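The values are calculated or read from the model by the stated rules, or taken from the named source; none is laboratory data. Treat the numbers as computed from the prediction; the structure is a model and nothing was measured. Cβ placement follows ideal geometry from the backbone for every residue including glycine, while neighbour counts extend to all protein chains displayed.
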């Protein structure tokens, strides 16, 4: 597997077709694994929705993945690298959704089979925990499947009450048994995600690193308007509806506040309806999906980012906000407590009820040392979330496996 004493590996990253929110984590992990691999393969894809949106997503993901090939060819010792982009068509009924999901698994499995001879380590990443067919094939051919969890399928299933997501959560349990190793973002997640039975095969790592020339402080906190924002998927597990419902409570105490909601998802219509019904259109800006390259500009306009999630892994937007000198208020889920210490590097709230969110937003904005907290947060991510640290962490993980 490793090439002589060079600590080079033959590695593939496999994901289920992604929504846009998955592009950055995939690109980060590809950047890390590409550097330390001899043969490298990526099997990913897009979810087909609106034709124009699907075209844009395919182009964006293609650019991300093809960059790996261009960079590899530019090396003196160029490596073998392959890229597969699988398309998945969502369906509406329970039966057609499951059938189409399995059909997409067959397409992914075909790509896996074509590369079994040259790839030893198979990292199943975002959505990969439900890919039973490819993982079975990898095991049958005596290769090593690794599950790298970006979130909890079980907790997402509980939040969404979705039959397909519950089916995938069931598949995830089987795959956890089959996997040679399971990679989590934090030791906290072993208990939170009910992974105690797999403790002996769990390793801790993440793919998060930041471009600090891009995510930087462009505007001092004292120069920003009283603006509070949420940026992320508009879905149940993110708790975004509770944040929206907290806005009227916040405005009762501070009518000078402004709010930003950035992102897209199935709750967008419900959020728009609530904002209109409460006559909040002049107070709340719905920005839609924010391209990653524009995130620093948005974050530098906010005084506080709120992450009211029911479940999380290690949210990128938290780290990106901290790098931009924007304090973060979050629920204590996933790896968030590893990064945020209340009153030192950000703020933690007890739960994500609208009342609790409103109370803690006011607490954070009134904090006498808010600027110092923002400085501490920036210093922490500069120290802990570099590309070099991420590469060394993953090199150690792959050597262990």
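Overview of results
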| quantity | calculated |
| --- | --- |
| Failed condition for residue 302, given (1) touching a strand residue (DSSP E or B) at 6+ places or on another chain (Cβ under 9 Å); (2) more than 24 Å from residue 221 (Cα to Cα); (3) touching a residue at least 40 places away in the same chain (Cβ under 8 Å) | (2) |
| Index of the failed condition, residue 279 passing every other in (1) out of contact with any strand residue (DSSP E or B) (no Cβ under 6 Å at 6 or more places or on another chain); (2) part of a loop (DSSP other than H, G, I, E, B); (3) surrounded by 17 or more Cβ atoms within 10 Å (Cβ to Cβ) | (3) |
| Residues (without any contact (Cβ under 8 Å) to a residue 40 or more places away in the chain, touching a strand residue (DSSP E or B) at 6+ places or on another chain (Cβ under 6 Å) and either closer than 14 Å to residue 385 by Cβ or part of a helix (DSSP H, G or I) (or both)) located in the stretch 191-233 | 198, 201 |
| Answer residue from the stretch 33-50, given it is out of contact with any strand residue (DSSP E or B) (no Cβ under 7 Å at 6 or more places or on another chain) and within 22 Å of residue 127 (Cα to Cα) and is modelled with the highest pLDDT among those | 49 |
| Pairs with Cβ under 7 Å, 6+ apart, first in the stretch 272-286 and under 10 Å from residue 244 (Cα atoms), second part of a loop (DSSP other than H, G, I, E, B) | 275/281 |
| All positions within the stretch 112-135 that are in a helix (DSSP H, G or I), closer than 14 Å to residue 172 by Cβ and touching a residue at least 40 places away in the same chain (Cβ under 8 Å) | 128, 129, 130, 132, 134, 135 |
| Whichever residue in the stretch 353-366 is in contact (Cβ under 8 Å) with a residue 40 or more places away in the chain and more than 16 Å from residue 248 (Cβ to Cβ) and, among such residues, is surrounded by the fewest Cβ atoms within 10 Å (Cβ to Cβ) | 365 |
| From 235, 227, residue being at pLDDT below 95, outside the structural domain of residue 20 (by TED's automatic domain parsing) and either farther than 19 Å from residue 309 by Cα or crowded, with 20+ Cβ neighbours inside 10 Å (or both) | 235 |
